[in-house]
4 protein chains.
Amino acid sequence: MLKQCRSLLSRSLKSAKWGDGFESRAAFSTSLQDFAATGNANGRVFAPYTIYKGKASVSISPVLPTFVKMDSDIGGLKVNRRGSMMLTFCPAIGERKYDWEQRQKFALSPTEVGSLISMGAHDASEFYHDPSMQSSNAGQVSKKLCIKAFDGGNGYMISLTVTNNVLKSNENFNVPVTTAEFAVLKTAFSFALPHIMGWDWLTNQSPKGIKGSPSKVNPKQHFDLEWDR
Amino acid sequence: MLKQCRSLLSRSLKSAKWGDGFESRAAFSTSLQDFAATGNANGRVFAPYTIYKGKASVSISPVLPTFVKMDSDIGGLKVNRRGSMMLTFCPAIGERKYDWEQRQKFALSPTEVGSLISMGAHDASEFYHDPSMQSSNAGQVSKKLCIKAFDGGNGYMISLTVTNNVLKSNENFNVPVTTAEFAVLKTAFSFALPHIMGWDWLTNQSPKGIKGSPSKVNPKQHFDLEWDR
Amino acid sequence: MLKQCRSLLSRSLKSAKWGDGFESRAAFSTSLQDFAATGNANGRVFAPYTIYKGKASVSISPVLPTFVKMDSDIGGLKVNRRGSMMLTFCPAIGERKYDWEQRQKFALSPTEVGSLISMGAHDASEFYHDPSMQSSNAGQVSKKLCIKAFDGGNGYMISLTVTNNVLKSNENFNVPVTTAEFAVLKTAFSFALPHIMGWDWLTNQSPKGIKGSPSKVNPKQHFDLEWDR
Amino acid sequence: MLKQCRSLLSRSLKSAKWGDGFESRAAFSTSLQDFAATGNANGRVFAPYTIYKGKASVSISPVLPTFVKMDSDIGGLKVNRRGSMMLTFCPAIGERKYDWEQRQKFALSPTEVGSLISMGAHDASEFYHDPSMQSSNAGQVSKKLCIKAFDGGNGYMISLTVTNNVLKSNENFNVPVTTAEFAVLKTAFSFALPHIMGWDWLTNQSPKGIKGSPSKVNPKQHFDLEWDR
């Protein structure tokens, strides 16, 4: 994969890169048996937003929630796994060369996305994840994502630290982002947030679902919806 | 239902919970004879955003407007019942246990949603609802929703008080929300507002509806549209 | 129509009202021979946002642009008439009674919408329209819409003045709006703006339109797109 | 084309203009063999937002990304060429006459769009493009786009300078934009940004893509998605 990254990078710095790798988890995993509502039946679309800097790159892609059918008589779908905003870091191993094999991921939850999009020009946020939380391996590996404004207010440092207490290893990724790049993140995250929450289902745009002739409606019933307990 | 909540909670705090209950009103009610444009013909989607805190939880879900066919010759649909943002509160009855049976709801209107999304870091909003407004039972039960910024500007207290003057009961739900959680609410509410207003019908994205060959158009007619009275 | 307004109002102040009238222009006009891409083939949807105050009401609804087929060999559609944000004012003629027959309209252009959504808590905007602009009747009738923040910064006065120099008449509509109502306008206008500009066509969401197998692409060509003159 | 511009302009300054020309690149080019997901199978839609001022006009239209099928077994699409926000400048050659033949283009990348939408009322941004970057002709032609706030904070000057070192030519386009026009740009750019990034594919709105009955899901697998390396 490293070889491929090089050739892609040398071809054009302006074209989208690595899209074929960042979502390989979803693509190649066969053990994952629930389904994602990907929005198009013909396959997946890979359109990460990637920021390449001197020591590392970070590539960002929304991950949609998955749904399961409800057991009840009424049918319907409910969220099975929440969506997230996936950040994938790669270390630089030369000028404009990034090593995909050494990538590390960090999945922002909707609330963590809310934290990021509400950051001011002088704020900082830190998030801690433990992949083995609530298991006997808790504490073996920990990840910390830190987003910290530069003193001058002209951008942010995004840092990922992955500590493996078993292997005694510690990996660091530092990607400085400009105000413009952060504005892209804020705008794109705000756009994506309702989608990773699963709220984009809530639309009136499929009138085909409307059938029949509504009978007279008791206005009182409507008014009482809030009080139905 | 309480039992179910427990098992869900113990399984994973990260997955979406209670989605199967929060919309049961729409699902089980058979007396409600108008129809909702749910956006998907195969059933409902349950994707509430829930905030769990020590004394209570609040789960938030948009409710789409319903439409009725117009009687006129020209056809078309008009809004019959406005959409809302439904807040459902449950009291905590133990560590990470919330009692669905004691839930209370509060439905924010579009204008109340507007009030919430325009709140600054030091503002407060209060909304009063009377389920029996304009009936002989007016004043028997009243609900007050209060959203108040913490003194430090680092979040808000969302409180629901339900007073029943007949039963002489008074219920209180207090859910402190962080700045990050409130940012999720603001972003998700801003996304959902046009949908609960019914404005998401107004889209150009169905070119299949365009047919025939437009004849010559009198530009004056266009210009005068504002003046057609 | 007045009668209908009364009965609707007395039934419930909370339900959407008057939707059947506000778009009657589009509905009843048969001389208008271009077509609107209404987004649903089965008819129109009426979902105005209406603010009722003591002396007048204002009801707001987006109007989509219309498109015409292009004459060229390549097909495609171009905007024929721009969309707008239609404001319809009705005077109050009693407690919670508004006279639809005396309504006056004002259509905000996309740039005027931009002006409104960029207003701060202490700003004012004025727009002047002349329905007979560029004709021999220019100056006979003029309309002025004024949006002015209250001194306290806690809302705005929206005023429409229609002056008819032929009939020597002068009509005034004043609707005070709260900060919450203005937040609804800002959010809904921001949502609607790309739609009335016709930009909501520009979406990647119809993969069915993708066919065939792309041949090798000369990267240079892509890079030069900006330079094709 | 100039003739057409004149007649269009004389007919109505309020209708959308020039839409048939601004995207001619995509329309007439036959050498461009990749495909755009235009979102409607029946053809293209031309809906530029144009600002006409005394010395020049600027017309703005989003350009969607193009996608290619992935070679892998899993199918799917990846971004082949990123989308952009295309600015097309025309010089004024008389009162309300603009010369389409002398147009110059500048394509804002997603990050440059982020820079623009994060500009405050007193900020300035500059972007430099070289159409021959990374080729032997690098430096022959250069383009500079400058967006600079007026001292009073009541608008911006948008300037494009095209320098051709071979022809020893230098072209300048200056378009002053009001605060209202810039608000339209900010709102429309924020709307369009996820689309030109290709993120609008990421939607849950096609439930038809969901099939089959999900088997039992191992919750641990979900939790570990972030850790799949």
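The values are calculated or read from the model by the stated rules, or taken from the named source; none is laboratory data. As the structure is a prediction and not an experimental result, all values here were calculated from the model. As a convention, Cβ positions derive from the backbone with ideal geometry for all residues, glycine included, and neighbour counts pool all protein chains shown.
Before moving on, here are some points about what is shown:
- Filter result (aliphatic (A, V, I, L, M), more than 12 Å from the chain's Cα centre (by Cα) and more than 10 Å from chain B (Cβ to nearest Cβ)) within the stretch A:103-130: A:121, A:124
- Per-region count, the stretch C:46-58, residues more than 16 Å from residue B:114 (Cβ to Cβ) and either in contact (Cβ under 8 Å) with a residue 60 or more places away in the chain or more than 7 Å from chain B (Cβ to nearest Cβ) (or both): 4
- Taken over the stretch D:100-124, residues that are farther than 16 Å from residue D:173 by Cα and either surrounded by 22 or more Cβ atoms within 10 Å (Cβ to Cβ) or out of contact with any Asp or Glu (no Cβ under 6 Å at 6 or more places or on another chain) (or both) amount to 16.
- The stretch C:82-99, residues that are surrounded by fewer than 20 Cβ atoms within 10 Å (Cβ to Cβ) and in contact (Cβ under 8 Å) with a residue 60 or more places away in the chain: C:91, C:93, C:96, C:97, C:99
- Pairs with Cβ under 6 Å, 6+ apart, first in the stretch C:175-189 and within 8 Å of chain B (Cβ to nearest Cβ) and without any contact (Cβ under 8 Å) to a residue 40 or more places away in the chain, second surrounded by 21 or more Cβ atoms within 10 Å (Cβ to Cβ) and not in a helix (DSSP H, G or I): C:182/C:156
Here's the yes/no breakdown for (1) at the interface with chain D (Cβ under 8 Å from one of its Cβ atoms); (2) buried (at least 22 other Cβ atoms within 10 Å of the Cβ); (3) at pLDDT below 90:
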residue	(1), (2), (3)
A:24	no, no, yes
A:67	yes, yes, yes
A:72	no, no, yes
A:80	yes, no, yes
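- In the stretch B:28-60, the residues that are farther than 15 Å from residue A:76 by Cα and at pLDDT 50 or above: B:49, B:50, B:51, B:52, B:53, B:54, B:55, B:56, B:57, B:58, B:59, B:60
- Checked against the criteria, residue C:215 does not count as at pLDDT below 50, surrounded by fewer than 18 Cβ atoms within 10 Å (Cβ to Cβ), closer than 28 Å to residue C:81 by Cα and at the interface with another protein chain (Cβ under 7 Å from one of its Cβ atoms).
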